[in-house]
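The values are calculated or read from the model by the stated rules, or taken from the named source; none is laboratory data. These figures come from a predicted structure and were not determined experimentally. Methodologically, a virtual Cβ is constructed for each residue, glycine included, from the backbone with ideal geometry; neighbour enumeration extends over all protein chains shown. SASA here: full protein model, heavy atoms, side chains in, ligands and nucleic acids out. Shrake-Rupley method; radii C 1.70, N 1.55, O 1.52, S 1.80 Å.
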Amino acid sequence: MSDCLFCKIIAGEIPSSRVYEDELCYAFYDIDPQAPTHFLVIPKEHIGSCGEIGPENAAVVGHIFQVISRLAGELGMESFRVVSNCGEQAGQSVHHLHFHVLAGRDMTWPPG
């Protein structure tokens, strides 16, 4: 999709701090981290949100979670959170499916 920020990152039109890349997905550090470790993993295929996952693209989501597990191990993350906001009311600001991976601080609720 030509106006999608994440599609432009995948195409190399916008710089990013790459964590991982393969034929199906791309992982990069968040530019506004909410935890000491905060990266995103996105499919290279444009999928708008979790609401657009169907039989034709579900395998890429499983692959992304395998990548998240591997990266967490490689980065020494014993505990981490995976978040995907689906839709504007849920806080999705870029309409390309993405998974935030956060670690390195206590994320229990309530904080403290």
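Results, tabulated for the structure shown:
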quantity: ³J(HN,Hα) computed for each position of segment 87-94 - Karplus, 6.51 cos²θ - 1.76 cosθ + 1.60, integer Hz, glycine/proline x; calculated: x, 4, 5, 8, x, 6, 9, 10
quantity: Shape of segment 8-66, Cα gyration tensor, a/c cut at 1.5; calculated: prolate
quantity: Isotropically averaged projected area of the chain, using the convex hull of Cα atoms (one quarter of hull area), nm²; calculated: 7.6
quantity: Acute angle (nearest 10 degrees) that the helix 58-74 long axis makes with the longest principal axis of the chain, alpha-carbon atoms; calculated: 40
quantity: Probe 1.4 Å, all protein chains present, accessible-area order of 20, 26, largest first; calculated: 20, 26
quantity: Of 76, 87, 48, the one that fluctuates the most in a GNM where the chain has Cα springs shorter than 10 Å; calculated: 76
quantity: The chain: Cys lacking any partner C-beta under 4.7 angstrom; calculated: 25
quantity: Share of carbon and sulfur in the accessible heavy-atom surface of the chain [1.4 Å probe, %]; calculated: 51
quantity: Separation of alpha-carbon centers, segment 1-21 and segment 73-98, rounded to whole Å; calculated: 16
quantity: Label-to-label distance, nm, for residues given as residue 82 and residue 63 (7 Å Cα→Cβ offset); calculated: 1.5
